[in-house]
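Participant: I have a structure I would like to understand better, so I am pasting it below and will then ask my questions one at a time.
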Amino acid sequence: MRSLFSVTLLLLLALTLTAEATKRGRTHKGGKHDKSKAASECSAAEMQYGKCVPEHGDCGDGLREATCNDRTDKIPCKIPCNWKKDISDCKYKFGPWGPCDAATNTKNRSGTLKRVLFNAECQTTIKVSKPCSSKVKKTRGEKKPN
């Protein structure tokens, strides 16, 4: 019985040490979120960022050039597929959609600048439009007709 307890205790200790070593190894591999390399050479204000260029098509994963002190690195970036390319580095707070304009069959909303990413040039306010929905929205209390 003592030997079984000793073996169990040794196995538990070995698993704990292995898990800790694996965890420590993952955090220092210099992967996607390791910013210590660029931070030691340049401050955020000195760094110049280019536009995010998707690898395939016009959205999805891509690369962005980051330049500082005559050194250019390519860093990973992502353009959401449901977003406009010209404002991808500018984040806006949008109001509700306006009523449908019957002449153009579109509805509009405006947004105010909330945050600028990668030293991008952004407009302080922006207007976006989308086609009107052909379906009539129902409130939560309404039931489907039989």
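Read-outs: derived from the displayed coordinates by stated rules, not from any lab. Note that the structure is predicted; figures quoted are calculated from it, not measured. Heads up, the Cβs are rebuilt from the backbone with ideal geometry, glycines too, and the neighbour counts pull from every protein chain shown.
Participant: Using the structure shown, list the pairs from 51/107; 74/127; 91/130; 74/130 with a Cα-Cα distance above 27 Å, or answer none. Walk me through the numbers on the way to the answer.
Facilitator: Numbers: 51/107 29 Å; 74/127 32 Å; 91/130 18 Å; 74/130 34 Å.
Table pairs above 27 Å Cα-Cα are 51/107; 74/127; 74/130.
Participant: Let me ask something else. Evaluate E = 1/(1 + (r/R0)^6) for residue 71 and residue 112, where r is the Cβ-Cβ distance and R0 equals 35 Å; express this FRET efficiency to the nearest 0.05. Could the numbers behind the result be given before it?
Facilitator: Numbers: r = 36 Å, r/R0 = 1.02.
FRET efficiency, residue 71 to residue 112: 0.45.
Participant: About its Cα centre, what dipole magnitude does segment 84-133 give when the only charges are +1 on Lys and Arg Cβ and -1 on Asp and Glu Cβ, stated in debye to the nearest 20?
Facilitator: Result for segment 84-133 is approximately 180 debye, rounded to the nearest 20.
Participant: Between residue 105 and residue 129, what is the spin-label point distance in nm, taking each point 7 Å from the Cα along the Cα→C-beta axis?
Facilitator: 1.3 nm
Participant: If you rank 81, 68 by fewest surrounding Cβ atoms within 10 Å, what's the result?
Facilitator: Details: 81 10, 68 16.
Ordered from fewest to most neighbouring Cβ atoms within 10 Å, 81, 68 come out as 81, 68.
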